1. Name the residues whose placed amide hydrogens come within less than 5 Å of the amide hydrogen of Tyr364, ignoring near sequence neighbours (fewer than 5 apart) on the same chain.
2. Give the accessible area for Ile346 in Å² (nearest 10); use a 1.4 Å probe, count only protein heavy atoms, and leave out ligands, DNA and RNA.
3. With contacts defined as alpha carbon pairs under 8 Å and 6 or more residues apart, what's the relative contact order of segment 99-217 in percent?
4. Using the Cα centre as the reference, give the magnitude of the dipole from point charges on the C-beta atoms of the chain (Lys, Arg: +1; Asp, Glu: -1; all else neutral), rounded to the nearest 20 debye.
5. For the chain, what does the helix formula give at 222 nm: sum of -39500 (n - 2.57) over DSSP H segments with n ≥ 4, over the residue count, nearest 500 deg cm²/dmol?
6. List the pairs from Lys339/Lys390; Lys226/Lys390; Lys339/Lys416; Lys290/Lys368 whose alpha-carbon separation is above 28 Å, in the order I gave them.
7. Kirkwood hydrodynamic radius, computed over distinct alpha-carbon pairs, for segment 363-425: how many Å, to one decimal?
8. Report P(r) for the chain: all Cα-Cα distances, bin width 10 Å, range 0 to the bin holding the largest distance, values in whole percent.
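The values are calculated or read from the model by the stated rules, or taken from the named source; none is laboratory data. This is a predicted model, so every value here is computed, not measured. Backbone-built Cβ (ideal geometry, glycine too); neighbour counts: all protein chains shown. For the accessible areas, the whole protein counts, side chains as well, though only heavy atoms, and no ligand, DNA or RNA atoms are used. Shrake-Rupley method; radii C 1.70, N 1.55, O 1.52, S 1.80 Å.
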Amino acid sequence: MKIYISICSVYAMLAFCCCTNFLEVKPDIKMVIPKSLQDAELLLNDYATMNTGYPIYGEWSADEYYITAETFDARLDFDLRNTYTWMDIIYDDVSQWQRPYRTVFNANQVIEIIDKGKVDNNTAKAKSLLGVAHFFRAFAFQQLVEVFAPAYQVTTASTEMGIPLRLSPDMDEPSTRASVQETYNQIVQDYKEASYRLPIDEGIKGRPFQASAYAGLARTYLVMGKFEEAYAYADSCLQLNRDLMDFNDLKSGNSLPIARFNIEVLFAAISATSGPMNLNYGLVDSTLYKSYAPTDLRKTIFFRANTYPLDSYGYKGSYDNGMANLFVGLTTSEVYFIKAEAAVRIGKIDAALTALNTLGVSRYERDKYVAVTERNPASLLSLILKERQKELVFRGRRWSDLKRLNLDPRFQKTLKREIHGIVYQLEPNSRKYAYRIPEIVVNNGKIPQNIR
(Lines give C-alpha, C1' and ligand atoms only; values in the text may rest on other atoms or scores of the structure.)
Protein backbone atom coordinates (compact mmCIF):
# COMPACT_ATOMS: atom_id res chain seq x y z
CA MET A 1 0.00 0.00 0.00
CA LYS A 2 2.97 2.32 0.45
CA ILE A 3 3.35 2.09 -3.31
CA TYR A 4 -0.18 3.51 -3.69
CA ILE A 5 0.61 6.51 -1.55
CA SER A 6 3.99 7.17 -3.12
CA ILE A 7 2.64 7.04 -6.64
CA CYS A 8 -0.36 9.18 -5.79
CA SER A 9 1.89 11.82 -4.21
CA VAL A 10 3.95 12.03 -7.40
CA TYR A 11 0.74 12.05 -9.40
CA ALA A 12 -0.56 15.04 -7.46
CA MET A 13 2.64 17.05 -7.80
CA LEU A 14 3.08 16.47 -11.51
CA ALA A 15 -0.54 16.59 -12.55
CA PHE A 16 -0.85 20.14 -11.33
CA CYS A 17 2.03 21.25 -13.53
CA CYS A 18 0.65 19.39 -16.61
CA CYS A 19 3.89 17.55 -17.23
CA THR A 20 3.90 15.96 -20.71
CA ASN A 21 6.23 13.10 -19.77
CA PHE A 22 4.00 12.19 -16.89
CA LEU A 23 0.93 12.11 -19.11
CA GLU A 24 2.64 9.50 -21.22
CA VAL A 25 2.71 7.03 -18.30
CA LYS A 26 -0.81 7.80 -17.10
CA PRO A 27 -2.27 4.33 -17.96
CA ASP A 28 0.20 2.63 -15.60
CA ILE A 29 -0.64 5.09 -12.85
CA LYS A 30 -4.36 4.39 -13.19
CA MET A 31 -3.71 0.71 -12.57
CA VAL A 32 -2.71 1.46 -8.99
CA ILE A 33 -5.13 4.25 -8.04
CA PRO A 34 -6.65 3.43 -4.60
CA LYS A 35 -10.18 2.07 -4.77
CA SER A 36 -11.10 0.52 -1.41
CA LEU A 37 -12.11 1.95 1.96
CA GLN A 38 -8.84 0.65 3.37
CA ASP A 39 -6.96 2.53 0.66
CA ALA A 40 -8.88 5.69 1.54
CA GLU A 41 -7.97 5.37 5.19
CA LEU A 42 -4.30 4.85 4.40
CA LEU A 43 -4.27 7.97 2.25
CA LEU A 44 -5.73 10.05 5.09
CA ASN A 45 -3.32 8.50 7.60
CA ASP A 46 -0.34 9.71 5.56
CA TYR A 47 0.70 12.31 8.15
CA ALA A 48 3.65 13.61 6.12
CA THR A 49 1.37 14.52 3.23
CA MET A 50 -1.80 15.54 5.05
CA ASN A 51 -0.48 17.41 8.10
CA THR A 52 2.84 18.94 7.06
CA GLY A 53 4.40 21.29 4.51
CA TYR A 54 1.84 24.12 4.58
CA PRO A 55 2.94 27.49 3.11
CA ILE A 56 4.92 29.86 5.30
CA TYR A 57 5.82 32.69 2.93
CA GLY A 58 3.31 34.92 4.72
CA GLU A 59 4.80 34.37 8.17
CA TRP A 60 8.30 34.99 6.79
CA SER A 61 6.99 38.35 5.60
CA ALA A 62 5.20 39.29 8.84
CA ASP A 63 6.30 41.46 11.75
CA GLU A 64 6.76 39.10 14.70
CA TYR A 65 10.49 38.61 14.18
CA TYR A 66 13.64 40.03 12.64
CA ILE A 67 17.06 38.69 11.70
CA THR A 68 20.58 40.09 11.86
CA ALA A 69 22.46 41.22 8.78
CA GLU A 70 24.84 38.29 9.36
CA THR A 71 21.97 35.80 9.20
CA PHE A 72 20.56 37.57 6.14
CA ASP A 73 23.87 37.22 4.32
CA ALA A 74 24.89 33.75 5.46
CA ARG A 75 21.66 31.81 5.97
CA LEU A 76 19.08 33.13 3.52
CA ASP A 77 18.97 32.07 -0.11
CA PHE A 78 17.82 34.32 -2.95
CA ASP A 79 14.10 33.63 -2.51
CA LEU A 80 14.23 34.06 1.25
CA ARG A 81 16.01 37.39 0.99
CA ASN A 82 13.41 38.63 -1.44
CA THR A 83 10.61 37.41 0.81
CA TYR A 84 12.11 38.98 3.92
CA THR A 85 12.46 42.38 2.22
CA TRP A 86 9.19 42.22 0.22
CA MET A 87 11.06 42.60 -3.08
CA ASP A 88 8.39 40.63 -4.96
CA ILE A 89 10.78 39.21 -7.53
CA ILE A 90 9.81 36.24 -9.74
CA TYR A 91 10.82 32.92 -8.19
CA ASP A 92 10.51 29.26 -9.08
CA ASP A 93 10.31 27.46 -5.73
CA VAL A 94 7.06 25.49 -6.04
CA SER A 95 7.12 23.41 -2.85
CA GLN A 96 4.90 25.67 -0.75
CA TRP A 97 2.33 25.75 -3.53
CA GLN A 98 2.50 22.07 -4.45
CA ARG A 99 2.46 20.44 -1.04
CA PRO A 100 -1.01 21.65 0.00
CA TYR A 101 -2.31 20.48 -3.36
CA ARG A 102 -0.92 17.04 -2.61
CA THR A 103 -3.15 17.11 0.46
CA VAL A 104 -6.05 18.19 -1.74
CA PHE A 105 -5.31 15.39 -4.20
CA ASN A 106 -5.38 12.73 -1.49
CA ALA A 107 -8.61 14.19 -0.12
CA ASN A 108 -10.15 14.17 -3.61
CA GLN A 109 -9.13 10.53 -4.05
CA VAL A 110 -10.97 9.62 -0.85
CA ILE A 111 -14.06 11.63 -1.81
CA GLU A 112 -14.05 9.90 -5.21
CA ILE A 113 -13.83 6.47 -3.58
CA ILE A 114 -16.56 7.03 -0.99
CA ASP A 115 -18.91 9.66 -2.35
CA LYS A 116 -19.30 8.15 -5.81
CA GLY A 117 -20.37 4.71 -4.71
CA LYS A 118 -17.14 2.82 -5.24
CA VAL A 119 -17.57 1.40 -1.73
CA ASP A 120 -20.48 1.08 0.70
CA ASN A 121 -20.75 4.69 1.82
CA ASN A 122 -23.43 4.12 4.43
CA THR A 123 -21.12 2.67 7.07
CA ALA A 124 -19.99 4.79 10.02
CA LYS A 125 -16.39 4.39 8.92
CA ALA A 126 -17.10 5.60 5.39
CA LYS A 127 -18.99 8.63 6.65
CA SER A 128 -16.19 9.50 9.07
CA LEU A 129 -13.48 9.17 6.42
CA LEU A 130 -15.50 11.33 4.06
CA GLY A 131 -15.66 13.98 6.78
CA VAL A 132 -11.90 13.76 7.28
CA ALA A 133 -11.31 14.22 3.55
CA HIS A 134 -13.54 17.30 3.36
CA PHE A 135 -11.78 18.76 6.39
CA PHE A 136 -8.31 18.29 4.91
CA ARG A 137 -9.37 19.85 1.61
CA ALA A 138 -10.85 22.85 3.41
CA PHE A 139 -7.76 23.31 5.56
CA ALA A 140 -5.37 23.11 2.59
CA PHE A 141 -7.43 25.58 0.55
CA GLN A 142 -7.56 27.91 3.54
CA GLN A 143 -3.80 27.86 4.00
CA LEU A 144 -3.28 28.58 0.30
CA VAL A 145 -5.79 31.40 -0.07
CA GLU A 146 -4.45 33.24 2.97
CA VAL A 147 -1.00 33.41 1.37
CA PHE A 148 -1.63 33.58 -2.38
CA ALA A 149 -4.79 35.70 -2.65
CA PRO A 150 -5.88 39.18 -1.51
CA ALA A 151 -7.71 39.76 1.76
CA TYR A 152 -11.39 38.89 1.73
CA GLN A 153 -13.66 41.91 1.21
CA VAL A 154 -17.36 41.60 0.45
CA THR A 155 -17.17 44.37 -2.14
CA THR A 156 -14.32 42.81 -4.16
CA ALA A 157 -14.41 39.09 -3.35
CA SER A 158 -16.37 38.20 -6.47
CA THR A 159 -13.88 39.90 -8.80
CA GLU A 160 -10.53 39.27 -7.08
CA MET A 161 -8.65 36.09 -7.99
CA GLY A 162 -8.55 33.32 -5.42
CA ILE A 163 -6.87 29.96 -5.98
CA PRO A 164 -7.50 26.95 -8.24
CA LEU A 165 -10.12 24.74 -6.61
CA ARG A 166 -9.13 21.21 -7.48
CA LEU A 167 -12.26 19.21 -6.63
CA SER A 168 -11.44 16.06 -8.57
CA PRO A 169 -8.40 13.78 -8.79
CA ASP A 170 -8.72 13.88 -12.59
CA MET A 171 -5.38 15.12 -13.90
CA ASP A 172 -6.88 16.05 -17.27
CA GLU A 173 -9.07 18.72 -15.70
CA PRO A 174 -7.49 22.14 -16.41
CA SER A 175 -6.63 24.46 -13.53
CA THR A 176 -8.40 27.81 -13.36
CA ARG A 177 -8.37 30.38 -10.60
CA ALA A 178 -11.66 30.72 -8.77
CA SER A 179 -12.63 34.08 -7.33
CA VAL A 180 -11.88 34.87 -3.70
CA GLN A 181 -15.60 34.52 -2.98
CA GLU A 182 -15.81 31.12 -4.66
CA THR A 183 -12.71 30.00 -2.79
CA TYR A 184 -14.10 30.90 0.61
CA ASN A 185 -17.49 29.44 -0.28
CA GLN A 186 -15.77 26.14 -1.02
CA ILE A 187 -13.79 26.23 2.22
CA VAL A 188 -16.97 26.85 4.22
CA GLN A 189 -18.82 24.11 2.34
CA ASP A 190 -16.07 21.58 2.98
CA TYR A 191 -15.77 22.43 6.66
CA LYS A 192 -19.55 22.12 7.04
CA GLU A 193 -19.54 18.76 5.25
CA ALA A 194 -16.81 17.68 7.65
CA SER A 195 -18.71 18.88 10.72
CA TYR A 196 -21.73 16.71 9.78
CA ARG A 197 -19.65 13.56 9.47
CA LEU A 198 -16.70 13.76 11.85
CA PRO A 199 -16.91 11.98 15.21
CA ILE A 200 -16.99 13.92 18.47
CA ASP A 201 -13.87 12.07 19.62
CA GLU A 202 -10.91 10.86 17.56
CA GLY A 203 -8.23 8.52 18.87
CA ILE A 204 -5.81 8.88 15.96
CA LYS A 205 -3.33 11.73 16.39
CA GLY A 206 -3.40 14.19 13.53
CA ARG A 207 -6.97 13.36 12.51
CA PRO A 208 -9.66 16.06 12.81
CA PHE A 209 -12.86 15.60 14.79
CA GLN A 210 -16.07 17.61 15.05
CA ALA A 211 -14.62 20.40 17.17
CA SER A 212 -11.81 20.74 14.59
CA ALA A 213 -14.34 21.50 11.86
CA TYR A 214 -16.10 24.06 14.04
CA ALA A 215 -12.74 25.69 14.75
CA GLY A 216 -11.97 25.78 11.03
CA LEU A 217 -15.31 27.44 10.34
CA ALA A 218 -14.76 29.96 13.15
CA ARG A 219 -11.33 30.85 11.73
CA THR A 220 -12.74 31.18 8.21
CA TYR A 221 -15.66 33.37 9.18
CA LEU A 222 -13.40 35.62 11.26
CA VAL A 223 -11.16 36.19 8.21
CA MET A 224 -14.28 36.93 6.14
CA GLY A 225 -15.49 39.47 8.71
CA LYS A 226 -18.66 37.48 9.35
CA PHE A 227 -18.56 37.84 13.09
CA GLU A 228 -21.96 36.41 14.00
CA GLU A 229 -20.99 33.14 12.31
CA ALA A 230 -17.46 33.23 13.75
CA TYR A 231 -18.89 33.62 17.23
CA ALA A 232 -21.43 30.83 16.78
CA TYR A 233 -18.91 28.29 15.53
CA ALA A 234 -16.28 29.26 18.10
CA ASP A 235 -18.90 28.74 20.79
CA SER A 236 -19.92 25.38 19.31
CA CYS A 237 -16.28 24.31 19.25
CA LEU A 238 -15.72 25.23 22.88
CA GLN A 239 -18.91 23.46 23.89
CA LEU A 240 -17.25 20.26 22.69
CA ASN A 241 -13.68 20.98 23.77
CA ARG A 242 -12.71 23.88 26.01
CA ASP A 243 -9.48 22.44 27.43
CA LEU A 244 -6.55 24.76 28.10
CA MET A 245 -3.10 24.01 29.44
CA ASP A 246 -2.25 25.66 32.74
CA PHE A 247 1.13 27.19 32.00
CA ASN A 248 1.95 26.93 35.71
CA ASP A 249 2.32 23.18 35.13
CA LEU A 250 4.86 23.57 32.32
CA LYS A 251 8.61 23.65 32.85
CA SER A 252 9.87 26.94 31.47
CA GLY A 253 13.48 25.77 31.76
CA ASN A 254 12.97 23.10 29.10
CA SER A 255 14.30 23.80 25.64
CA LEU A 256 10.83 23.08 24.21
CA PRO A 257 8.32 23.26 27.09
CA ILE A 258 5.06 22.59 25.22
CA ALA A 259 4.19 18.98 24.39
CA ARG A 260 3.21 17.83 20.94
CA PHE A 261 -0.48 16.87 20.60
CA ASN A 262 -1.24 18.65 23.87
CA ILE A 263 -4.81 19.09 25.14
CA GLU A 264 -5.30 22.38 23.28
CA VAL A 265 -4.58 20.92 19.85
CA LEU A 266 -7.76 20.51 17.81
CA PHE A 267 -5.89 19.75 14.62
CA ALA A 268 -2.14 19.28 14.25
CA ALA A 269 -0.47 20.81 11.21
CA ILE A 270 2.96 22.25 10.56
CA SER A 271 4.46 24.49 7.93
CA ALA A 272 7.25 23.94 5.50
CA THR A 273 10.66 24.66 7.03
CA SER A 274 10.63 27.55 9.49
CA GLY A 275 13.65 29.03 7.71
CA PRO A 276 14.57 32.46 9.13
CA MET A 277 12.02 31.99 11.95
CA ASN A 278 14.01 29.07 13.34
CA LEU A 279 14.79 29.31 17.05
CA ASN A 280 18.45 29.86 16.28
CA TYR A 281 17.98 32.65 13.71
CA GLY A 282 14.63 34.39 14.14
CA LEU A 283 14.72 37.10 16.81
CA VAL A 284 11.40 37.97 18.41
CA ASP A 285 10.25 41.53 17.83
CA SER A 286 11.52 43.46 20.84
CA THR A 287 8.36 45.55 21.27
CA LEU A 288 6.25 42.41 21.24
CA TYR A 289 8.48 40.70 23.80
CA LYS A 290 8.33 43.69 26.16
CA SER A 291 4.53 43.71 26.03
CA TYR A 292 4.35 40.56 28.20
CA ALA A 293 3.91 41.34 31.90
CA PRO A 294 6.50 39.93 34.36
CA THR A 295 3.87 37.55 35.77
CA ASP A 296 2.81 36.38 32.30
CA LEU A 297 4.21 32.85 32.03
CA ARG A 298 4.25 33.03 28.25
CA LYS A 299 7.31 35.25 28.58
CA THR A 300 9.38 32.28 29.71
CA ILE A 301 7.39 29.45 28.10
CA PHE A 302 7.43 31.00 24.62
CA PHE A 303 10.85 32.69 24.57
CA ARG A 304 14.50 31.97 25.20
CA ALA A 305 17.15 34.60 25.89
CA ASN A 306 19.97 34.59 23.33
CA THR A 307 23.66 35.09 24.04
CA TYR A 308 23.94 37.01 20.77
CA PRO A 309 22.79 39.57 19.97
CA LEU A 310 22.43 40.82 23.53
CA ASP A 311 18.90 41.47 24.77
CA SER A 312 17.38 39.35 22.00
CA TYR A 313 15.08 36.37 22.24
CA GLY A 314 14.18 33.30 20.18
CA TYR A 315 10.83 31.50 20.08
CA LYS A 316 10.68 28.07 21.76
CA GLY A 317 6.92 27.71 22.37
CA SER A 318 6.17 25.40 19.45
CA TYR A 319 2.95 23.42 19.76
CA ASP A 320 4.68 20.78 17.65
CA ASN A 321 7.57 20.57 20.15
CA GLY A 322 10.10 21.27 17.41
CA MET A 323 12.24 23.98 15.85
CA ALA A 324 12.32 23.01 12.18
CA ASN A 325 8.72 24.01 11.34
CA LEU A 326 5.97 26.28 12.65
CA PHE A 327 2.79 24.85 14.10
CA VAL A 328 -0.09 26.19 11.96
CA GLY A 329 -2.92 23.97 13.16
CA LEU A 330 -6.03 24.72 15.19
CA THR A 331 -6.13 25.05 18.97
CA THR A 332 -8.64 25.88 21.66
CA SER A 333 -6.56 28.91 22.65
CA GLU A 334 -7.06 30.38 19.18
CA VAL A 335 -10.78 29.62 19.35
CA TYR A 336 -11.07 31.48 22.67
CA PHE A 337 -9.66 34.55 20.92
CA ILE A 338 -11.95 34.12 17.93
CA LYS A 339 -14.88 34.00 20.29
CA ALA A 340 -13.65 37.03 22.26
CA GLU A 341 -13.03 39.16 19.16
CA ALA A 342 -16.24 38.16 17.41
CA ALA A 343 -18.23 38.70 20.60
CA VAL A 344 -17.06 42.27 21.13
CA ARG A 345 -17.66 43.09 17.48
CA ILE A 346 -21.31 41.97 17.72
CA GLY A 347 -21.95 43.60 21.08
CA LYS A 348 -21.63 40.59 23.40
CA ILE A 349 -19.29 42.27 25.87
CA ASP A 350 -19.84 39.81 28.73
CA ALA A 351 -19.08 36.85 26.47
CA ALA A 352 -15.95 38.58 25.16
CA LEU A 353 -14.68 39.23 28.68
CA THR A 354 -15.42 35.67 29.79
CA ALA A 355 -13.49 34.17 26.88
CA LEU A 356 -10.56 36.53 27.32
CA ASN A 357 -10.30 36.06 31.07
CA THR A 358 -10.75 32.28 30.94
CA LEU A 359 -7.64 32.02 28.81
CA GLY A 360 -5.77 34.70 30.78
CA VAL A 361 -6.01 32.80 34.06
CA SER A 362 -4.26 29.81 32.49
CA ARG A 363 -1.34 31.92 31.26
CA TYR A 364 -0.32 33.89 34.36
CA GLU A 365 1.31 32.91 37.61
CA ARG A 366 -1.27 31.57 40.01
CA ASP A 367 -3.31 34.28 41.70
CA LYS A 368 -1.47 36.99 39.72
CA TYR A 369 -3.85 37.44 36.82
CA VAL A 370 -5.89 40.63 36.93
CA ALA A 371 -9.17 40.11 35.12
CA VAL A 372 -9.96 42.48 32.27
CA THR A 373 -13.04 44.58 33.01
CA GLU A 374 -12.96 47.04 30.09
CA ARG A 375 -16.46 47.44 28.64
CA ASN A 376 -15.89 50.11 26.01
CA PRO A 377 -16.16 48.11 22.74
CA ALA A 378 -13.41 49.98 20.88
CA SER A 379 -10.94 49.78 23.77
CA LEU A 380 -11.77 46.15 24.49
CA LEU A 381 -11.36 45.19 20.83
CA SER A 382 -7.94 46.80 20.70
CA LEU A 383 -6.91 44.96 23.87
CA ILE A 384 -8.19 41.62 22.52
CA LEU A 385 -6.24 42.02 19.30
CA LYS A 386 -3.03 42.75 21.20
CA GLU A 387 -3.56 39.74 23.42
CA ARG A 388 -4.38 37.61 20.39
CA GLN A 389 -0.99 38.40 18.87
CA LYS A 390 0.76 37.63 22.15
CA GLU A 391 -0.97 34.25 22.40
CA LEU A 392 -0.68 33.18 18.76
CA VAL A 393 2.87 34.40 18.14
CA PHE A 394 4.76 32.14 15.68
CA ARG A 395 1.60 30.08 15.17
CA GLY A 396 0.90 30.92 11.54
CA ARG A 397 -1.82 33.52 12.08
CA ARG A 398 -0.02 36.86 11.90
CA TRP A 399 0.06 37.31 8.09
CA SER A 400 -3.65 36.60 7.81
CA ASP A 401 -4.36 38.95 10.72
CA LEU A 402 -2.33 41.76 9.16
CA LYS A 403 -4.23 41.36 5.89
CA ARG A 404 -7.69 41.49 7.44
CA LEU A 405 -6.90 44.17 10.02
CA ASN A 406 -5.33 46.44 7.42
CA LEU A 407 -8.82 46.84 5.97
CA ASP A 408 -9.73 48.81 9.10
CA PRO A 409 -7.95 52.20 9.32
CA ARG A 410 -7.78 51.83 13.11
CA PHE A 411 -5.45 48.84 12.85
CA GLN A 412 -3.44 49.50 9.70
CA LYS A 413 0.28 48.97 10.03
CA THR A 414 3.25 49.72 7.78
CA LEU A 415 5.87 46.99 8.13
CA LYS A 416 9.52 48.05 8.13
CA ARG A 417 12.82 46.19 8.04
CA GLU A 418 16.39 47.42 7.81
CA ILE A 419 19.29 45.46 6.34
CA HIS A 420 22.74 47.00 5.75
CA GLY A 421 21.34 50.49 6.26
CA ILE A 422 18.58 50.05 3.67
CA VAL A 423 15.02 50.37 4.97
CA TYR A 424 12.35 48.22 3.31
CA GLN A 425 8.62 48.81 3.76
CA LEU A 426 5.36 47.02 3.15
CA GLU A 427 2.38 49.37 3.05
CA PRO A 428 -1.08 48.44 4.36
CA ASN A 429 -3.25 46.75 1.73
CA SER A 430 -0.32 46.40 -0.66
CA ARG A 431 -0.89 44.01 -3.55
CA LYS A 432 2.14 42.15 -2.19
CA TYR A 433 -0.09 40.72 0.56
CA ALA A 434 -1.17 38.27 -2.15
CA TYR A 435 2.09 36.42 -2.49
CA ARG A 436 3.38 35.84 -6.01
CA ILE A 437 2.50 32.38 -7.39
CA PRO A 438 5.58 30.40 -8.49
CA GLU A 439 6.35 31.26 -12.08
CA ILE A 440 6.60 27.63 -13.19
CA VAL A 441 3.01 27.08 -12.02
CA VAL A 442 1.82 30.18 -13.86
CA ASN A 443 3.55 29.15 -17.08
CA ASN A 444 2.85 25.42 -17.09
CA GLY A 445 -0.64 25.65 -15.64
CA LYS A 446 -1.52 28.67 -17.79
CA ILE A 447 -3.11 30.50 -14.87
CA PRO A 448 -2.86 34.28 -14.30
CA GLN A 449 -0.32 35.72 -11.89
CA ASN A 450 -1.43 37.89 -8.99
CA ILE A 451 -2.00 41.52 -9.95
CA ARG A 452 0.75 43.99 -9.21
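1. Hits under the 5 Å cutoff: Leu297.
2. 40 Å²
3. On the way: 176 pairs, mean separation 32.6, N = 119.
Value for segment 99-217: 27 percent.
4. Numbers: 53 positive and 52 negative charges, 79 e Å.
With only Lys, Arg, Asp and Glu charged at Cβ, the dipole is about 380 debye.
5. Numbers: 20 runs with 216 residues, N = 452.
Helices in the chain give a 222 nm mean residue ellipticity of -14500 deg cm²/dmol.
6. Working: Lys339/Lys390 16 Å; Lys226/Lys390 23 Å; Lys339/Lys416 31 Å; Lys290/Lys368 18 Å.
The pairs that break the limit, which is 28 Å between Cα atoms, are Lys339/Lys416.
7. Working: mean 1/r = 0.0696 Å⁻¹.
It is 14.4 Å.
8. In order of increasing distance, the bins hold 4, 21, 31, 27, 13, 3, 0 percent.
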